[in-house]
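> If you scroll down you'll find the structure; I have some questions about it.
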Amino acid sequence: MSIRYFKEYNINIMEDIKMKVIISHAHWDHIKQANQFDEVYINHNDFYIFELFKMDINYSKFLNIKDGEILDLGDRMLMVRLP
């Protein structure tokens with residue numbers, strides 16, 4: 001099943017949860033709906049993929065994430081590991 005607008009689909013389920021989207025890599029199937037969210041993390045070294053595949057993505061608000069960085073997810077911490 002394909003969900004066109006992920007955020008809209010889940011708004012009733014996760015109404016009170018502040019969502020952080022962490023993109024593992026910039027392939028189209030990971031990135032196409034990212035602009036729906038206020039807080040999107042991706043390693044900025046992947047930006048060249050947007051250009052390479054001519055993806056029409058506004059990534060100006062995407063936050064850079066680096067190897068070893070620790071994200072506070074509220075009740076747990078996440079350490080980022082990049083190749």
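Any read-out appearing in this document is the output of simple, stated calculations on the displayed coordinates, not a laboratory observation. All values reported here derive from a predicted model rather than from experimental measurement. Heads up, the Cβs are rebuilt from the backbone with ideal geometry, glycines too, and the neighbour counts pull from every protein chain shown.
> Straight-line reach only, C-alpha to C-alpha below 19 angstrom: list the aspartates and glutamates that Lys18 could link to, leaving out same-chain residues fewer than 8 apart.
Glu8, Asp38, Glu39, Asp72, Asp75
> OK, next. Around Leu63, which amide H atoms from residues at least 5 apart in sequence, or from another chain, sit under 5 Å from its own amide H, with H modelled in the peptide plane?
For Leu63, whose amide H was placed from the backbone, the distant partners under 5 Å are Val40, Tyr41, Ile42.
> Based only on other Cβ atoms within 10 Å, what is the fewest-to-most ordering of Val80, Val40?
Sorted ascending by nearby Cβ count, the order is Val80, Val40.
> Go through the range 28-34 residue by residue and turn each phi into a ³J(HN,Hα) via Karplus (6.51, -1.76, 1.60, θ = phi - 60°); whole Hz please, and just put x for glycine and proline.
4, 6, 9, 10, 4, 9, 4
> Please report Rg over Rh for the range 17-83, where both radii come from the alpha carbon positions and Rh follows the Kirkwood definition.
Here the Rg-to-Rh quotient is 0.96.
> Right, something else. Under a plain spin-label model, where a point goes 7 Å from the Cα along Cα-to-Cβ, how far apart in nm are Arg81 and Leu63?
2.2
> Still on this structure, I have one more. Hey, fewest Cβ within 10 Å first, where do Leu52, Leu63 land in order?
Leu52, Leu63
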